[in-house]
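The values are calculated or read from the model by the stated rules, or taken from the named source; none is laboratory data. Keep in mind the model is a prediction, meaning the values are calculated, not measured. Cβ atoms come from the backbone with ideal geometry, glycine included; neighbour counts cover every protein chain shown. Ligands, DNA and RNA are stripped out before the accessible areas are found, and what is left, the full protein with its side chains, is counted by its heavy atoms. Shrake-Rupley method; radii C 1.70, N 1.55, O 1.52, S 1.80 Å.
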Amino acid sequence: MDYKDYYKVLGVSKTASQDEIKKAFRKLAMKYHPDKNAGDKTAEAKFKEVNEANEVIGDAEKRRKYDELGSNWNAYQQGGNTGGGFDWGKYQKQYGQQQYGGQGGQSYSTNFGDFGGSFGGGGGGFSDFFEAFFGGAGFGGAKQRSGGRKQQQLKGEDMQAELPIRLEDAFNGAETIFEVGGQKIKLKIKKGAYDGQTLKLAGKGYPGHNNGPNGDLLLTLKVQKHPLYNRIDDDLYMDLPLDIFTAVLGGKLDVTTLKGKIKITIPPETSNGKTLRLGGLGMPKYGKDSQHGDLFVKIDLQTPKDLTPEEKKLFEQLRDLRKK
């Protein structure tokens, strides 16, 4: 009978923590889950193998005994199944006979040199190795053997998806209905939501196994590019076209913000590329609706085109005046 390396089956080191073993088991169990691999015999066998490994090293006490067993396995094999100097009778008495009490306080004698017979051959999908040491006559005890093993409930695998939203939705907040994994989900988007933000929707992932809870939906928001604004953190940036006359003389100008149109004052002799800060007109801070970032308006000076002869003459006169 071959030794089963349960650490190798789960892809973890022998020094792995119980939490690391649990995570590795859940990942592999969901990967080879029969519901995901219908008719795939290889996946079915792998699923049984990782489940068996978890039955042993996923339990701290069984793991301790398994590690002790493994440290003496080579001696057992080299001794022709007689122990090679190791007292397997004592090992058997400790882990085997104490599980099977006979009548009148006597114990059933079991020969560890032959792992067939009374130990069975991997009933319930478990290997001979498991049945010999951890099954009905092993660490699990007669109760497991006679009553059958209860399959472990597994939480469903988490599902991942992306949801595109408008910048206006992130600014004002919104409710949306979308479909993922065959289910319609209603979601409230909070003010200040941002690109790349991941929302965890509990129980909206893949179904669990053996009545285990559903996994979660990890939904990543993708804020679509806006034609006017560029967002950096909670601040907004935009270019503002400005005619040369208002730039030189100053004046009032309409600016479109996410709160609506407002009028701003352009100072005289405003140069191209100058940036004006409009406080509190940026994005709401996530979770703090009353606080906003700023809107930064960059002046984009527009040169007049299709000048009439008279307009050109006036510009020439202005140029000549500037030379004096």
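Give the relative contact order (percent, whole number) for the stretch 193-324; include only Cα pairs under 8 Å separated by 6+ residues. Walk me through the numbers on the way to the answer.
Details: 215 pairs, mean separation 26.5, N = 132.
Relative contact order of the stretch 193-324: 20 percent.
I need the chymotrypsin sites (Phe, Trp or Tyr not before Pro) found in the stretch 252-324, filtered to DSSP loop residues with at most 15 other beta carbons within 10 Å of theirs. Walk me through the intermediate numbers first.
On the way: sites: Tyr286, Phe296, Phe315; in loops: Tyr286.
Taking the stretch 252-324 and a limit of 15 other Cβ atoms within 10 Å, the loop chymotrypsin sites (Phe, Trp or Tyr not before Pro) found are Tyr286.
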Kindly report the accessible area of the stretch 221-264 per residue (heavy atoms of protein chains, probe 1.4 Å, no ligands, DNA or RNA), in Å². 63
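Sort 43-52, 248-257 for me by packing, meaning the mean count of neighbouring Cβ atoms within 10 Å per residue, highest on top.
Working: 43-52: 18.2, 248-257: 13.6.
Ranking the peptides 43-52, 248-257 by packing returns 43-52, 248-257.
Tell me, what is the percent relative contact order of the stretch 261-307, built from C-alpha pairs under 8 Å that lie six or more residues apart?
Values: 53 pairs, mean separation 17.1, N = 47.
Relative contact order here is 36 percent.
Once the piece of chain linking Ser13 and Lys298 is laid out straight, how much longer is it, given 0.36 nm per residue of separation minus the C-alpha distance between them? Intermediate values should be presented prior to the final figure.
Details: separation 285, 0.36 × 285 = 102.60 nm, distance 5.77 nm.
Once the chain is fully extended between Ser13 and Lys298, it gains 96.8 nm.
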Rounded to the nearest Å, what's the spacing between the alpha carbon centres of the stretch 1-54 and the stretch 223-237? Just the number, please. 46
With respect to the cross-link table entries Lys190/Lys298; Lys298/Lys323; Lys22/Lys62; Lys186/Lys222; Lys27/Lys222; Lys191/Lys285, which display a Cα-Cα separation exceeding 19 Å? Lys190/Lys298; Lys298/Lys323; Lys27/Lys222
Name the aspartates and glutamates eligible as straight-distance cross-link partners of Lys263: C-alpha to C-alpha under 19 Å, and not fewer than 8 places from it in the same chain. Asp239, Asp243, Asp254, Asp294, Asp300
On the accessible surface of the stretch 200-304, probed at 1.4 Å with all protein chains in place, carbon and sulfur together account for a percent value of 51
